[in-house]
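See below for the structure under consideration.
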Amino acid sequence: MKKAFLLFACFGLSLAAWSQKEICVDAGVSSSGNGSASSPYKTIQAAITAAANGDIIKVAKGTYSEAVKIEQKKVQLFGGYAGSGNFGSANPQSNVTVINGSSAAPCIYVISTN
């Protein structure tokens, strides 16, 4: 029984990792793309809207003047990437990423029932 459970647990973890998608954002692009490293979204909110539970959102350096709303999703949001197609590894000290929300709304707004 323990062997079957361990095998199922490993399969479940593999399936979760396989279905996880990386979505890229770069404020420096001229127009929003499909979220890939070579064609990133222009806004963080566009990436969050396109994301599914478990996805990773990689944000390139720059200032993002937007209020970000994460509603009923479990995503990971990371900044510090160089952008311009380079989303391999983050360096937050060199590639500063800032979300500059407006005074009328929170900078990052998270809604969850869990």
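The values are calculated or read from the model by the stated rules, or taken from the named source; none is laboratory data. As the structure is a prediction and not an experimental result, all values here were calculated from the model. All Cβ positions, glycine included, derive from the backbone under ideal geometry; neighbour counts span all protein chains shown.
A quick yes/no check of all residues on (1) at pLDDT 95 or above; (2) out of contact with any helix residue (DSSP H, G or I) (no Cβ under 8 Å at 6 or more places or on another chain); (3) not small (Gly, Ala, Ser):
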| residue | (1), (2), (3) |
| --- | --- |
| PHE8 | no, yes, yes |
| SER19 | no, yes, no |
| ALA37 | yes, yes, no |
| THR113 | no, yes, yes |
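Residues in the stretch 71-107 that are closer than 21 Å to SER32 by Cβ, surrounded by 15 or more Cβ atoms within 10 Å (Cβ to Cβ) and touching a residue at least 24 places away in the same chain (Cβ under 8 Å): LYS73, VAL75, LEU77, TYR81, GLY83, GLY85, PHE87, ASN95, THR97, ILE99, GLY101.
Evaluated against (1) part of a helix (DSSP H, G or I); (2) modelled with pLDDT under 95; (3) under 28 Å from ASN95 (Cβ atoms), SER32 falls short on exactly one condition, (1).
Out of the stretch 36-70, which residues are more than 24 Å from THR113 (Cβ to Cβ), crowded, with 21+ Cβ neighbours inside 10 Å and hydrophobic (A, V, I, L, M, F, W, C)? Scanning the stretch 36-70 gives VAL59, ALA60.
Each row is one residue, and each column tells you yes or no for (1) assigned to a loop (DSSP other than H, G, I, E, B); (2) among the hydroxyl-bearing types (Ser, Thr, Tyr); (3) within 18 Å of VAL29 (Cβ to Cβ).
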{"residue": "ASN53", "(1), (2), (3)": "yes, no, no"}
{"residue": "GLU66", "(1), (2), (3)": "yes, no, yes"}
{"residue": "GLY79", "(1), (2), (3)": "no, no, yes"}
{"residue": "PRO92", "(1), (2), (3)": "yes, no, no"}
{"residue": "SER102", "(1), (2), (3)": "yes, yes, no"}
{"residue": "PRO106", "(1), (2), (3)": "yes, no, no"}
{"residue": "TYR109", "(1), (2), (3)": "no, yes, no"}
{"residue": "THR113", "(1), (2), (3)": "yes, yes, no"}
